[in-house]
Amino acid sequence: MRVLVDADACPVKDEVYRVAERHGAQVTIVSNAWLRVPPGVERVVVDSGFDAADDWIAEHADARSVVVTADILLADRALKAGASVVAPSGRPFTTASIGSAIAVRAIMADLRAGGEQIGGPPPFSKADRSRFLQALDALLVRLARTG
């Protein structure tokens, strides 16, 4: 089992380390800049090219992977590779939900491009962190059972 983390703006890296260690899962932190990681955690620093971290994660994701990302397009690519995907807020991305998430993303982009003043996502909360811990734990348990 492996947890691939889209790490540049990920607020739950410490939580990933703890949960993955408890389940014996390998963690790979993928970023455009050097980040400090604990011993035993793999660090992959990609070039600063557009979507370089996403490309690396999508290429290495498979059915034994959990991908942690808030990026909807990366979530879609990881799901197509067979991975399980969860956002830092604890929101799971599934093959059943990804289409509507992509559609909402496109609508919001169109509104912003048209000059609409729309807010961003709500601030990251303790409840988000708690949901993430539960979701990651459940995904790793499921992966361990499918062995």
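Every number here is computed from the coordinates shown, using simple stated rules; none is lab data. Note that the structure is predicted; figures quoted are calculated from it, not measured. As a convention, Cβ positions derive from the backbone with ideal geometry for all residues, glycine included, and neighbour counts pool all protein chains shown.
For segment 1-61, state what percent of all Cα-Cα pairs lands in each successive 5 Å bin, counting from 0 Å until the bin that includes the largest distance.
Computed distribution, short to long bins: 4, 19, 33, 24, 15, 4, 1.
So what is the relative contact order of segment 53-147, in percent, for Cα pairs below 8 Å that sit 6 or more residues apart?
Relative contact order for segment 53-147 comes out at 26 percent.
With the cut-off at 1.5 for a/c, could you classify segment 81-145 from its C-alpha gyration tensor as rounded, prolate or oblate?
Since a/c reaches 1.5 but b/c is at least a/b, the shape of segment 81-145 is classed as oblate.
As a check on your grasp of the helix formula, calculate [θ] at 222 nm for the chain: sum -39500 (n - 2.57) over DSSP H runs of n ≥ 4, divide by the residue count, round to the nearest 500.
Helix-only estimate at 222 nm: -14500 deg cm²/dmol.
Filter the chain for me: DSSP H helices, axial length by Cα at least 18 angstrom, mean Kyte-Doolittle hydropathy not below 1.0. List them by residue number.
Taking the DSSP H segments of the chain (at least 18 Å long, mean hydropathy at least 1.0), we get 98-113.
Cα centroids of segment 1-26 and segment 72-113: how far apart, whole angstrom?
Cα centroid to Cα centroid, the span is 19 Å.
For the chain, modelled as a GNM with alpha-carbon contacts under 10 angstrom, which of GLU42, GLU21, GLU116 fluctuates the most?
Comparing GLU42, GLU21, GLU116 in the GNM, the peak value goes to GLU116.
How do the peptides 59-71, 26-38, 122-134 rank, highest first, by the average count of neighbouring beta carbon atoms within 10 Å per residue?
59-71, 26-38, 122-134
For segment 20-147, give the share of DSSP beta bridges that are antiparallel, in percent and rounded to the nearest 5; count only bridges with both residues there.
Approximately 20 percent, going by the DSSP bridge assignments.
Once you have the Kirkwood Rh of segment 2-146 from its Cα pairs, apply Stokes-Einstein at 4 °C and 1.567 mPa s and quote D in µm²/s.
In µm²/s, the coefficient is 83.
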